[in-house]
Each structure stands twice: as C-alpha cells, then as structure tokens.
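Structure first, then comments.
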Amino acid sequence: MMQQHLLKSVASLSGIAHRYPGGETLRFADLDIPVGQHTLILGNSGSGKTTLLHILSGLLQPQAGSVLIDGQELYDLAPRKLDTYRGQRIGLIFQEAHLVKSLTVKENLQIAQSFAGAGVDNTRIQNVLALLELGHKAHSYPNKLSRGQIQRAAIARAVVNHPAILVADEPTASLDDHNTERVLDLLFTQAEQHGATLIIATHDKRVKARFEHTYQVGGAA
Ligand code: ADP
Ligand code: MG
C-alpha cells in the first residue's frame, strides 16, 4: 500500500489544461499535495507557474481538469461561495496587488477576515503582526512601510485566517541572498505556526535546496 493514500490531500489537481485566447494550450501534470508537504513549483519563465497558482487558488477556471482543495471541488462552487472558500482556506502572496493603499495594515487584515466570512478578530491580528515584527506598524498606511515591511504585511494578511494552504508566487524574485533566506525562513515559520502547507512558485534556483518536494511545470528548467 502506498503511504500517499493514507495522507489527506490539501490540494489535488488532475487533468488540468488551460489556453488563454490566442495562446498555446498549457497542460499540467497531475499534482497531489498531502497536508504538510511543502511543495515548490519550478519552471522557466513563461512555462505556466503563475497560471497554475491562479488555477489552484480559485482565481482562474481551467478549460479542463479537476481542482480539489481540502476535499472540495473548487470550480463546483458558485462564485461567491468560491470567494469565501478561498478566503478561509488559501493565503495568497502574489507579487503585485499587495495591500489596499487607502487602508492601514490592521484594516487590510480586518477586510481579509470579513472577506472570509469570519468576524473581525483584533487579538488575532495583533498576534500575527507581532510574530512578523509589525506590531508597531498596525496603524501605518502601506506607503509608509519599507519594501520588506510591505512583504511581511502581505504575509500577515495571507496567514491571518489560518489558511490550509499558503500560496506564494516568486516571493524571492529581486531579493539578494540574505533576504531570500529571510523570506524563506519567514514562510516556513509561518506555515508551521499556522498549520499551513506551502505552495511556492519560483524560477529562482537558490530556493530549490530548501524544498524536498518539487513539481515541474513545462520542460525541465
Ligand atoms: P510563469 O509564471 O511560469 O512565468 P505564466 O503562467 O505567467 O508563466 O504564463 C504562461 C503562458 O501563458 C505564457 O506564455 C504567457 O505569455 C501566457 N499568459 C499568461 N497570462 C496570460 C493572460 N492573462 N493572457 C494571455 N496569455 C497569458
Ligand atoms: Mg509567474
């Protein structure tokens, strides 16, 4: 018996194919991620890593295939249900579209909580911000934060709802070696502290050594 089958899957994708208008069809090998099995998504630039993260986060319905997140077929959900489900289960750290600029750090976390259908929990917010050394920035607006602080605030927002999955797209792009290590430490620590499974996409070879489980998009990089 394979042990794989005894472990609960947090994410399971099969038969996924997607084609953007005018583009080639992108096909993805099946992927099954057991709870706690942090996984690195590898592939050259343009191979489809971001597309795959969008598909498994409920942001982009593929033309074919099944996406099970925490046991739920994602695209069987009506759009509003899907938004709530995403807010509860998936923490997203994308390169663009970070924080709402007209809101403070704390308010950004509050809307993440209400978006997930949970009540606002200010104690939880203070705890998460404290763990990320941002407690003193709760009432600051994003344009008053350093780059590193903005990234940590985005991580705080991603973990505030205790997601089952923490998805990050190229979190170390444009970082030097030292900060790459720091951000990875932070993501691993956050995943442990909040019981989340990491799914990180990168073309950054430095990241590879930190992951036991990798998944290749497109041809070998
Ligand atoms: P990666 O993240 O690995 O760099 P992407 O998932 O961003 O790759 O892109 C995969 C392919 O899909 C590329 O050829 C890209 O040009 C194309 N693509 C990505 N997003 C869109 C879009 N919104 N519309 C059309 N084509 C897209
Ligand atoms: Mg990308």
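With the requirement that a residue be in a helix (DSSP H, G or I) and either modelled with pLDDT under 90 or of a type in the set (Gly, Ala, Ser) (or both), what does the range 186-205 give you? Walk me through how you get there before you give the answer.
If we filter the range 186-205 for residues that are in a helix (DSSP H, G or I), which is where we start, we get 186-194, 205.
Within the range 186-205, LEU186, GLN190, ALA191, GLN193, HIS194, LYS205 meet the criteria.
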If GLY48 passes every condition in (1) on the phi < 0 side of the Ramachandran plot; (2) touching a residue at least 12 places away in the same chain (Cβ under 8 Å); (3) within 16 Å of ligand 2 (Cβ to nearest atom) but one, which one does it miss? (1)
Looking at the range 62-73, is at least one residue surrounded by fewer than 12 Cβ atoms within 10 Å (Cβ to Cβ) and either among the acidic types (Asp, Glu) or within 11 Å of ligand 1 (Cβ to nearest atom) (or both)? yes
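Just checking, does the range 25-32 include any residue being more than 16 Å from ligand 2 (Cβ to nearest atom), under 17 Å from the mean Cα position of the chain (by Cα), free of Cβ contacts under 8 Å to residues at least 40 places away in the same chain and closer than 25 Å to THR189 by Cα?
We begin by selecting, within the range 25-32, every residue more than 16 Å from ligand 2 (Cβ to nearest atom); these are 25, 27, 29-32.
Filter once more, so that each one left must be under 17 Å from the mean Cα position of the chain (by Cα): 31-32.
Within this subset, residues satisfying the condition of being free of Cβ contacts under 8 Å to residues at least 40 places away in the same chain are 32.
Next, only the ones that are closer than 25 Å to THR189 by Cα stay: 32.
Yes, because at least one residue in the range 25-32 is more than 16 Å from ligand 2 (Cβ to nearest atom), under 17 Å from the mean Cα position of the chain (by Cα), free of Cβ contacts under 8 Å to residues at least 40 places away in the same chain and closer than 25 Å to THR189 by Cα.
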Test VAL128 against the criterion of being surrounded by 19 or more Cβ atoms within 10 Å (Cβ to Cβ), of a type in the set (A, V, I, L, M, F, W, C), more than 16 Å from ligand 2 (Cβ to nearest atom) and assigned to a strand (DSSP E or B), and give yes or no. no
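Criterion first (away from ligand 1 (no atom under 14 Å from the Cβ), under 15 Å from the mean Cα position of the chain (by Cα) and free of Cβ contacts under 8 Å to residues at least 60 places away in the same chain) does GLU192 satisfy it? Can you show your working first?
Details: away from ligand 1 (no atom under 14 Å from the Cβ): yes; under 15 Å from the mean Cα position of the chain (by Cα): yes; free of Cβ contacts under 8 Å to residues at least 60 places away in the same chain: yes.
The answer is yes for GLU192.
The values are calculated or read from the model by the stated rules, or taken from the named source; none is laboratory data. No experiment lies behind these values; they were computed from the predicted model shown. A quick note on method: Cβ atoms are made from the backbone with ideal geometry, for glycine too, and the neighbour counts reach across all protein chains shown.
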